[in-house]
Amino acid sequence: MGFIFFLLYLGVTYLFPAELFPALVPYRITLWLGVLGLVISVLTLAPIGKLTIRALPIALVTGLVLSMMLSLMWAERWLGAPLHVMQVFGPALTLFLLAVWNVNSLRRLRITGAVLLLLAMVLVGQGVAAYHFGYMQDKLLFRGTGDPDDEEEAPPAETDAPARIRGLGQMNDPNDLALVLVATLPFLGLAWRKGRTVRNVLLLGLPAAFLVYGIYLTRSRGGMLGILAVCFAGLVGRLSRTKALLAIAVIAAIFLAANFTGGRAMSTSEESAAQRIDAWSEGLEMFRSSPVLGVGFKNFTEHNDLTAHNSFVLCFAELGAVGYFFWLALLVVAIMQLEQVRQCKDDGPGGDVLRLQAKVLIASFAGMLVAAFFLSRSYNPVLYLLVGLACALYGIARKCGHPVALPTLYGVGRKVVALEFASVAAMYVLVRANRLFIN
């Protein structure tokens, strides 16, 4: 029963029925589906000892939530911060927990992938209908010259920039829609079968072309880079790294020739890109001024006119070294879990399927994180859905008796701390080098 509520919650998180039918707003369908899903999961799984509460990712996400609360309480001197954090971060946390607790078999993982693809197809279908036929274009098209994060509204008559499709609710930014489509694209790999050309074209090739066209209509530069990351992750292992990079270079050239970004430049000298570098610099300054707990959860724009335009910068600026540690650790542990499953040599029950699922999720993470490097999406629900699915797949592999194991907690912590300091230093060097080059 909990799995059904998980799928329903996925549906309302992607499609936002309350925006399609305003009469549903007072009923808060998304909230109550999430609450019921969590309650039913606990009540049905706890009595039989299948409620996962000791997994490392659950401990890390708990630490992340607590650091969000502490950062805001310290920055604002506000005792109501915990409730605010739960209201804002609640959808992401709910998706994560529902995935960890209810996706406990390969069959359920396949169903989840199929539902994600179906929802992505619906989102692209809505956007295509708006772009080509005027369906709900006031809600599903963005006509500004920049990003919705940075400007409230740009009247259509004031710009020649092409329209960009978007979704509803949390996907009201074209970049968010592109991010979701990029993260979903690799799940089509589950449909591939060796030697089944017609089947592969119908169930993989055509849907992939449709999703890529949807990302094209978002005109998202991060979305384009995300597709390249997904392609690279898919080619590595089939080709040498050199050949994979050459293939990616060819695909990138095709995208640029097709004006994939709608005329929006990819250079750091371009105005909006230069503003992003300035925002990264401001984020580093926020981290320097408050290195332990940051300037407070969701407080970046209180200190800078523009958002960070980088999920890593946004996280360490708002949550400081403490929160950034837990956020990075979630990503590192999820990817380490997937690598363990992917490299498993055991051909026990479902071994091939497990390895394929791991490759799909690794490609999804690759696309998501590359796109998120240029977007402020540290708390995006789909990112935590992927972390939850990685944890679920790792649990399924262990349940099937496959020899998968993470390093010691000390070993994981040391790696995360090193990555934490290295990433902050890399951002500092990148900002300084860019300024020296421009000047």
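Tabulated results
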read-out: Residue ID - surrounded by the most Cβ atoms within 10 Å (Cβ to Cβ), chosen from residues in region 387-439 that are of a type in the set (Ser, Thr, Tyr) and in contact with a helix residue (DSSP H, G or I) (Cβ under 7 Å, 6 or more places away or on another chain); value: Tyr394
read-out: Test: residue in region 385-406 that is in contact with a His (Cβ under 8 Å, 6 or more places away or on another chain) and not hydrophobic (A, V, I, L, M, F, W, C); value: no
read-out: Number of positions in region 292-311 that are surrounded by fewer than 24 Cβ atoms within 10 Å (Cβ to Cβ), hydrophobic (A, V, I, L, M, F, W, C) and in a helix (DSSP H, G or I); value: 0
read-out: Tabulated pairs, region 394-413, first closer than 19 Å to Gly351 by Cβ and at pLDDT below 85, second surrounded by 11 or more Cβ atoms within 10 Å (Cβ to Cβ) and of a type in the set (Lys, Arg), C-beta under 7 angstrom, 6+ apart or interchain; value: Val404/Arg398
read-out: Considering residues of region 254-269 that are modelled with pLDDT under 65 and more than 22 Å from Phe312 (Cα to Cα) only, the residue surrounded by the fewest Cβ atoms within 10 Å (Cβ to Cβ); value: Ala265
read-out: Unique match (being under 23 Å from Asn380 (Cα atoms) and out of contact with any Phe, Trp or Tyr (no Cβ under 9 Å at 6 or more places or on another chain)) among Leu38, Leu56, Leu43; value: Leu56
read-out: Some residue of region 353-363 being open to solvent by 30 Å² or more (accessible area, probe 1.4 Å), without any contact (Cβ under 8 Å) to a residue 60 or more places away in the chain and assigned to a helix (DSSP H, G or I); value: yes
read-out: Tally, over region 322-350, of residues that are open to solvent by 10 Å² or more (accessible area, probe 1.4 Å) and in contact with an Asp or Glu (Cβ under 7 Å, 6 or more places away or on another chain); value: 1
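The values are calculated or read from the model by the stated rules, or taken from the named source; none is laboratory data. Note that the coordinates shown come from a computational prediction; the quantities given were computed from them, not determined experimentally. Counting neighbours? That spans all protein chains shown, and the Cβs are built from the backbone with ideal geometry, glycine included. Just the protein is used for accessible areas: all its heavy atoms, side chains included, with ligands, DNA and RNA removed. Shrake-Rupley method; radii C 1.70, N 1.55, O 1.52, S 1.80 Å.
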